[in-house]
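The values are calculated or read from the model by the stated rules, or taken from the named source; none is laboratory data. Bear in mind the structure is a predicted one, so any value in this text is a computation, not a measurement. Neighbour counts run over all protein chains shown; Cβ positions are idealised from the backbone, glycine included. When the accessible area is computed, the model is the full protein with side chains, heavy atoms only, and any ligands, DNA or RNA have been set aside. Shrake-Rupley method; radii C 1.70, N 1.55, O 1.52, S 1.80 Å.
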Amino acid sequence: MAGFAHAAVAATVAGGFTHALAVRSDGSLWAWGWNLYGQLGDGTNTDRLTPVQIGTGFAAVAAGGDHSVALKTDGSLWAWGRNSSGELGDGTTTNRPTPVQVGTGFAAVAAGGDEGSYTLAIKTDGSLWAWGYNGSGQLGDGTTTNRLTPVQVGTGFAAVAAGGTVEWGNHTLALKSDGSLWAWGSNGFGQLGDGTTTNRLTPVQVGTGYAAVAAGNLHSLALKTDGSLWAWGNNFYGQLG
């Protein structure tokens with residue numbers, strides 16, 4: 001596994017639908033798995049059974065269904081792989097087998113979806129940006145229009161999570177720096193946590209006092225500052241715990 005047998009060597013990891021990404025403690029980025037759309041970023045469409053190095057100077061990574069997004073230590077944001085819904089944010093719907101730069105000044109990134117994927121990123125000033133597939137309003141810009149370049153959703157954000165599938169709809173969760181939790185997008189299973197099953201095209205506040213958040217396909221999880229863990233949404237397999 002190219003030095004990945006020990007978990008301590010990996011700084012951040014991400015898993016997509018059928019591919020995986022990892023940033024080592026030295027800032028090198030590695031990828032493996034299915035590569036039909038170039039989501040590994042090695043310039044090919046060849047599947048990789050062991051990690052291949054993509055580049056250096058990386059700090060964080062996120063994986064959507066068939067696309068990848070990574071943040072460099074200098075704040076620049078890079079994307080590659082499938083781009084059918086504009087999820088790479090480069091203004092096109094052209095698949096990219098190697099990383100293309102999306103912008104600068106970013107501090108956090110998330111990716112969600114499968115065939116219709118989308119991406120979210122927070123800048124160092126706390127502004128939240130979104131692009132890609134928007135069929136359920138998961139971008140949070142008040143529309144269901146796909147976006148080929150980043151659109152600003154709001155300000156004051158500290159963390160973001162993306163979940164869902166095209167078949168059932170995507171949803172987004174975001175945490176503001178004041179600990180308030182916000183949600184938008186698909187809500188057919190109550191995954192937004194606002195007490196309804198109504199899709200939301202713009203962020204709605206779910207609660208306060210939160211420290212971390214995660215999004216699954218049709219359910220959501222959040223950790224409060226007091227250490228308590230909360231879950232909501234679909235529970236068919238007992239995923240709410």
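Can you give me the distance in nm between label points at Asp74 and Thr124, each placed 7 Å from the Cα along the Cα-to-Cβ direction? Simple spin-label model gives 1.3 nm for this pair. Per residue, the accessible area of the stretch 99-241 comes to 41 Å² when a 1.4 Å probe rolls over the protein heavy atoms. Between Thr144 and Ala211, the simple spin-label model (points 7 angstrom out along Cα→Cβ) gives 3.9 nm. Within the same chain, lysines fewer than 8 places from Lys224 are excluded, and of the rest, those with a Cα less than 18 Å from its Cα are Lys176. Annotation note: chymotrypsin sites (Phe, Trp or Tyr not before Pro) in the stretch 175-241 located in DSSP loop regions with a Cβ neighbour count of at most 11 within 10 Å are Phe236, Tyr237.
Of interest is the spacing of the C-alpha centroids, which for the stretch 110-161 and the stretch 199-241 amounts to 18 Å.
Computed in the context of the full set of protein chains, the accessible area of the stretch 1-120 at 1.4 Å probe radius has 53% of its extent on carbon or sulfur. Taking 0.36 nm per residue of sequence separation and removing the Cα-Cα distance, the Thr18/Thr50 pair yields an extension gain of 10.2 nm. Binning at 5 Å from 0, report for the stretch 1-143 what percent of all alpha-carbon pair distances ends up in each bin. With a bin width of 5 Å, the distribution comes to 2, 12, 22, 24, 21, 12, 5, 2, 0. Let me know the shape class of the stretch 75-211, please: from the alpha-carbon gyration tensor, a ≥ b ≥ c as square roots of the eigenvalues, rounded when a/c is under 1.5, otherwise prolate if a/b is greater than b/c, or oblate. Oblate is the answer for the stretch 75-211, as a/c is 1.5 or above yet b/c matches or exceeds a/b. Treating r as the C-beta distance of Lys224 and Thr93 and R0 as 35 Å, the FRET efficiency rounds to 0.30.
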